[in-house]
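Below: the structure, in structure tokens.
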Amino acid sequence: MSKVLRVILLALVAVVAMGQMLHVSADEKLTIKQIMEKSHKGKEAPIQVVLAGKADEKLLKEFLSWFESMAAQKPELGDEASWKTKTAALVEATKGLIEKKPNALETMTTAYLVRHVDNAFVAWRTPPADQRVAGRAFAEHVLPYRGSEEPLEDWLSPLRARYATAPEAVVKASTPQACLDWVGGDAGRRVRFDERYYLHPTDQGFAEMERSGRGRCEDITNMTTYAARARGLAVAADYTPAWGHRDNNHAWPVLLDASGRGSDRGNTHAAKVYRKGFSLQRDGLPYRLPAGREPPNRFLASRSQMDVTDQYAPTTDVEVALDAAAVGAEAHAYLCVFNGGAWVAIAWAPVVAGRATFAKMGRGADGMLYLPAVHDGNDLKPAAPPRVLRTDGTVVVFAGTAAGAACAVTATTPEQVSVDTKVVTPVSHLAPGAAYALSRFAGAWTEVMAFEATAAPTTFEGLPSDGLYWLVANDGKRLERPFTIEAGRQRFW
């Protein structure tokens with residue numbers, strides 16, 4: 001994605017975060033929500049055409065009219081000067097696309113780069129000599145001038161000044177972990193988690209986080225990474241593209257040793273963990289796909305991430321025999337987890353003689369549910385039955401062809417804990433009088449029965465004992481968790 005497009009996205013969502021409703025004239029009735037729905041809603045949303053670089057002049061001018069209208073208004077919440085700055089950035093960036101101007105934001109100045117490198121080496125000399133990382137760990141996780149894809153700016157100079165003098169306890173401990181606890185704790189207090197920033201399509205820059213004091217986990221991770229690098233620590237940004245046992249994803253900072261290895265014990269249950277690096281990984285998926293073919297999602301589109309799942313917990317190479325009709329001429333297959341009511345690809349493998357071997361797959365805290373699939377450039381298509389990778393490394397396939405069994409159904413979702421807020425969501429039991437639909441996965445979710453819950457458990461007879469099921473409320477958001485049958489009861493995944 002070009003930097004101009006990132007500017008458009010960054011400014012647009014920053015505008016959204018500032019306020020709920022615009023003060024509008026009698027001629028213009030659009031609210032922020034309406035603008036977002038017009039431009040962002042659905043897979044075929046206009047913003048997707050812009051991001052793909054395929055927008056014609058007519059569409060770009062429509063975006064320009066929206067942004068100019070927004071720039072003329074006053075927000076109910078937030079700083080008016082900041083509002084004018086962000087909406088002006090939207091207008092100017094869009095004009096640049098219309099006029100096909102050369103993208104000055106694609107380059108950095110020599111002065112900026114020299115200053116950053118000088119500061120990075122000064123920071124590297126801050127720890128005792130025996131604690132300094134070298135070689136690849138230094139190049140990948142101390143020297144870089146960015147944490148991810150945030151705006152380019154100088155964060156190292158102000159943070160070197162901020163963390164120039166360590167507290168006595170940190171000096172006495174004299175360990176990299178003690179130093180990270182200090183600067184990471186300070187960074188976490190300066191940027192608090194705010195779920196509204198999940199709407200932000202890119203990571204915030206340093207200056208924006210300093211002003212807002214809020215962000216999502218990726219922002220907090222970047223701020224912690226900046227702070228750590230200001231003290232010469234090798235800290236990486238690790239993330240899971242999609243949890244396998246709940247919705248959403250997560251990112252976190254990790255202290256690395258001299259060899260560049262590290263993990264966080266709070267995230268050992270992830271199905272897949274990637275580490276953001278600086279250098280391009282030429283063996284990655286984006287370099288394997290044919291020209292013009294996009295990866296299934298933005299996570300697998302990264303050109304500089306490394307798979308470090310095996311640094312967190314025991315893993316298994318999962319070999320899958322694929323359905324030839326489903327695969328067709330596709331050269332790559334994907335392993336997906338169920339997240340947000342849909343299958344999300346988190347790993348890839350080449351198709352060789354009708355099979356695919358997915359390396360270093362996480363087993364989860366108590367097993368992990370996966371679906372093998374292929375991607376035709378637009379959609380994921382199942383290429384084998386779902387399966388569970390158990391904690392002992394064995395795989396159980398849920399083909400839905402075994403003899404029928406009874407299952408007592410009492411809930412749609414088990415208890416869950418948010419990794420961001422630590423809020424516990426209790427078990428979602430069936431509500432008497434509410435309408436539900438039970439579906440089984442057979443290449444797609446196929447409804448088995450619709451019913452109305454009562455105060456007593458609902459028991460289904462004759463369900464394939466090796467089936468994968470999904471029970472959803474008719475009036476819900478379809479975020480319930482799938483389950484299998486164990487001893488006549490639901491076993492959620």
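The values are calculated or read from the model by the stated rules, or taken from the named source; none is laboratory data. Everything numeric here is computed off the predicted structure, so don't read it as measured data. Cβ sites come from the backbone with ideal geometry, for glycine too, and all protein chains shown count toward neighbours.
So which of Gly260, Gly292 ends up being under 21 Å from Pro176 (Cβ atoms), in a loop (DSSP other than H, G, I, E, B) and modelled with pLDDT under 95? Write out each step before concluding.
Values: Gly292 fails: under 21 Å from Pro176 (Cβ atoms).
Gly260 is the lone residue from the list that is under 21 Å from Pro176 (Cβ atoms), in a loop (DSSP other than H, G, I, E, B) and modelled with pLDDT under 95.
Kindly provide the set of residues from the range 118-130 that are of a type outside the set (Ser, Thr, Tyr) and outside any helix (DSSP H, G or I), ordered by number. Before you say what the answer is, go through the steps one by one.
Here is the first cut: in the range 118-130, the ones of a type outside the set (Ser, Thr, Tyr) are 118-125, 127-130.
Passing the criteria: Arg125, Pro127, Pro128.
If you go through the range 420-453 one residue at a time, how many are surrounded by 12 or more Cβ atoms within 10 Å (Cβ to Cβ), modelled with pLDDT of 95 or more and not in a strand (DSSP E or B)?
Counting residues in the range 420-453 that are surrounded by 12 or more Cβ atoms within 10 Å (Cβ to Cβ), modelled with pLDDT of 95 or more and not in a strand (DSSP E or B) gives 7.
Which pairs do you get when a residue that is assigned by TED's automatic domain parsing to the domain that holds Ala329 and surrounded by fewer than 18 Cβ atoms within 10 Å (Cβ to Cβ), found in the range 372-385, comes within reach of a residue that is modelled with pLDDT under 95 and part of a loop (DSSP other than H, G, I, E, B), reach meaning Cβ atoms under 8 angstrom, with the pair 6+ apart or on two chains?
Sorted first by the residue in the range 372-385, then by its partner, the pairs are Gly377/Arg293; Gly377/Glu294.
Taking the range 320-356, which residues are out of contact with any Phe, Trp or Tyr (no Cβ under 8 Å at 6 or more places or on another chain), in contact (Cβ under 8 Å) with a residue 24 or more places away in the chain and assigned to a strand (DSSP E or B)?
Ala321, Trp343, Pro350, Arg355, Ala356
May I ask you to list the residues in the range 197-207 that are of a type outside the set (Ser, Thr, Tyr) and in contact with a helix residue (DSSP H, G or I) (Cβ under 6 Å, 6 or more places away or on another chain)? Working first, answer last.
Step one: of the range 197-207, the residues of a type outside the set (Ser, Thr, Tyr) are 199-201, 203-207.
Within the range 197-207, Leu199, His200, Pro201, Asp203, Gln204 meet the criteria.
Which pairs turn up if I take residues in the range 43-62 that are farther than 18 Å from Ala301 by Cβ and look for partners that are modelled with pLDDT of 65 or more and not in a helix (DSSP H, G or I) with beta carbon separation below 8 Å, at least 6 apart in sequence or on another chain?
Cβ pairs passing all conditions: Pro46/Ala55.
Tell me which residues, restricted to the range 206-222, are farther than 21 Å from Ser418 by Cα and either among the aromatic types (Phe, Trp, Tyr) or within 17 Å of the chain's Cα centre (by Cα) (or both). Break it down stepwise before answering.
Residues of the range 206-222 farther than 21 Å from Ser418 by Cα: 206-212.
Of everything in the range 206-222, just one residue is farther than 21 Å from Ser418 by Cα and either among the aromatic types (Phe, Trp, Tyr) or within 17 Å of the chain's Cα centre (by Cα) (or both), namely Phe206.
Would you mind telling me which numbered condition in (1) of a type outside the set (S, T, N, Q); (2) closer than 23 Å to Trp243 by Cβ; (3) surrounded by 19 or more Cβ atoms within 10 Å (Cβ to Cβ) Val409 fails?
Only one criterion in (1) of a type outside the set (S, T, N, Q); (2) closer than 23 Å to Trp243 by Cβ; (3) surrounded by 19 or more Cβ atoms within 10 Å (Cβ to Cβ) is unmet by Val409, namely (2).
Mind counting the residues in the range 246-274 that are more than 19 Å from Pro144 (Cβ to Cβ), touching a Gly at 6+ places or on another chain (Cβ under 6 Å) and surrounded by fewer than 23 Cβ atoms within 10 Å (Cβ to Cβ)?
The qualifying residues number 2.
Regarding the range 377-389, can at least one residue be identified that is at pLDDT 95 or above and in contact with a Lys or Arg (Cβ under 9 Å, 6 or more places away or on another chain)?
Yes; the residues of the range 377-389 include at least one that is at pLDDT 95 or above and in contact with a Lys or Arg (Cβ under 9 Å, 6 or more places away or on another chain).
Out of all the residues in the range 408-466, which are β-branched (Val, Ile, Thr) and without any contact (Cβ under 8 Å) to a residue 24 or more places away in the chain? Quick ask: steps written out before the conclusion?
Of all residues in the range 408-466, those β-branched (Val, Ile, Thr) come to 409-410, 412-413, 417, 419, 421, 423-425, 427, 446, 448, 454, 458-459.
Result: Val417, Val423, Val424, Thr425, Val427, Thr446, Val448, Thr454.
Can you pull out the residues in the range 287-328 that are within 20 Å of Ala237 (Cα to Cα) and either out of contact with any strand residue (DSSP E or B) (no Cβ under 8 Å at 6 or more places or on another chain) or of a type in the set (Val, Ile, Thr) (or both)?
The initial filter retains those residues of the range 287-328 that are within 20 Å of Ala237 (Cα to Cα), namely 297-313.
Result: Arg298, Ala301, Arg303, Val308, Thr309, Gln311.
Can you give me the number of residues within the range 271-296 that are under 23 Å from Leu369 (Cβ atoms) and either of a type in the set (Phe, Trp, Tyr) or in contact with a helix residue (DSSP H, G or I) (Cβ under 7 Å, 6 or more places away or on another chain) (or both)? Step through it out loud before you land on a result.
So in the range 271-296, the residues under 23 Å from Leu369 (Cβ atoms) come out as 271-274, 285, 295-296.
So of that shortlist, the ones also either of a type in the set (Phe, Trp, Tyr) or in contact with a helix residue (DSSP H, G or I) (Cβ under 7 Å, 6 or more places away or on another chain) (or both) come out as 272-274, 295.
Residues that pass the stated criteria total 4.
Residues to consider are Arg282, Arg265, Arg246; find the one that is over 12 Å from the mean Cα position of the chain (by Cα), under 24 Å from Trp343 (Cβ atoms) and not assigned by TED's automatic domain parsing to the domain that holds Tyr226. If you could, list the steps in order and put the result at the bottom.
Working: Arg282 fails: under 24 Å from Trp343 (Cβ atoms); Arg265 fails: under 24 Å from Trp343 (Cβ atoms).
After ruling out the rest, the residue left standing is Arg246.
Do any residues in the range 142-163 that are polar (S, T, N, Q) have Cβ atoms under 9 Å from those of residues that are part of a loop (DSSP other than H, G, I, E, B), where the two are at least six apart or on different chains, and which pairs are they?
Short answer, once both residue conditions are applied: Ser148/Thr202; Ser148/Asp203.
Taking the range 455-477 as the search range and keeping residues that are modelled with pLDDT under 95 and within 15 Å of Ala342 (Cα to Cα), which one is surrounded by the most Cβ atoms within 10 Å (Cβ to Cβ)?
My answer is Gly476.
Is there a residue in the range 164-186 that is closer than 30 Å to Gly341 by Cα, crowded, with 21+ Cβ neighbours inside 10 Å, in the same structural domain as Asp118 (by TED's automatic domain parsing) and not basic (Lys, Arg)? Break it down into steps so the answer makes sense when it comes.
Step one: list which residues in the range 164-186 are closer than 30 Å to Gly341 by Cα, which gives none.
Scanning the range 164-186, I find no residue that is closer than 30 Å to Gly341 by Cα, crowded, with 21+ Cβ neighbours inside 10 Å, in the same structural domain as Asp118 (by TED's automatic domain parsing) and not basic (Lys, Arg), so the answer is no.
Could you run through the range 440-493 and say how many residues are over 30 Å from Val327 (Cβ atoms) and β-branched (Val, Ile, Thr)?
3
Give the residue that is nearest to Trp348 (Cα to Cα), with candidates limited to residues of the range 376-405 that are of a type in the set (D, E, K, R) and part of a strand (DSSP E or B).
Step one: list which residues in the range 376-405 are of a type in the set (D, E, K, R), which gives 376, 379, 381, 387, 390, 392.
Within this subset, residues satisfying the condition of being part of a strand (DSSP E or B) are 381, 387.
Numbers: Lys381: 14, Arg387: 16 Å.
Checked the range 376-405; the qualifying residue nearest to Trp348 (Cα to Cα) is Lys381.
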